[in-house]
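The values are calculated or read from the model by the stated rules, or taken from the named source; none is laboratory data. This structure is a prediction, so every number in the text was calculated from the model and none was measured. Neighbour counts run over all protein chains shown; Cβ positions are idealised from the backbone, glycine included. With ligands, DNA and RNA removed, areas are computed over all heavy atoms of the protein, side chains included. Shrake-Rupley method; radii C 1.70, N 1.55, O 1.52, S 1.80 Å.
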Amino acid sequence: GLLGCYLPLAGDVSLAACAGPLVGDMYGAGNALLTNPRTSHRRWSALAAEVDVAVAPSSLLAGWFGVQLAKTLEAPRFGISEDTRPVELFAPSSWSVSGLVGVGLSL
């Protein structure tokens, strides 16, 4: 992904608002229980918005917290063929929410 950020508050406590595209490769792999197992790759993409807060109480340590909301743009579906009919087994959600936590050292 590539997020562009706006940093309205910087100092011991920093606030950032970020947005941008996310792109990835999802794949599903069949197993020996299937007649003709194979691996399938599909592109996944989303548009994300994120808010981050960084707290640096000292010049050595910083804590980082954030929340990201993403709207799926391309949602691959995976399935099998059963008696020549397609059967869907997996479809990703159209929205995702992620919590982000980190600790940093400044050397």
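Name the single residue that is least open to solvent (accessible area, probe 1.4 Å) among those in region 46-62 being touching a strand residue (DSSP E or B) at 6+ places or on another chain (Cβ under 6 Å) and farther than 30 Å from Arg77 by Cβ.
Step by step, filter region 46-62, then rank; the result is Asp52.
Every residue, every condition in (1) charged (D, E, K, R); (2) closer than 15 Å to Gly1 by Cβ; (3) touching a Gly at 6+ places or on another chain (Cβ under 7 Å), yes or no:
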residue: Ala17; (1), (2), (3): no, no, no
residue: Trp44; (1), (2), (3): no, yes, yes
residue: Ala49; (1), (2), (3): no, yes, no
residue: Ser98; (1), (2), (3): no, yes, no
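Criterion first (more than 17 Å from the chain's Cα centre (by Cα), more than 20 Å from Ser98 (Cβ to Cβ) and assigned to a strand (DSSP E or B)) does Pro37 satisfy it?
no
Can you tell me how many residues within region 1-45 are small (Gly, Ala, Ser), in contact (Cβ under 8 Å) with a residue 12 or more places away in the chain and closer than 30 Å to Gly79 by Cβ?
Going through region 1-45 one residue at a time, the tally reaches 6.
Restricting to region 1-34, and then to whatever is open to solvent by less than 60 Å² (accessible area, probe 1.4 Å), at pLDDT below 85 and part of a strand (DSSP E or B), can you tell me which residue is farthest from Ala62 (Cα to Cα)?
Gly28
Can you pull out the residues in region 83-107 that are basic (Lys, Arg) and closer than 16 Å to Val67 by Cβ?
none
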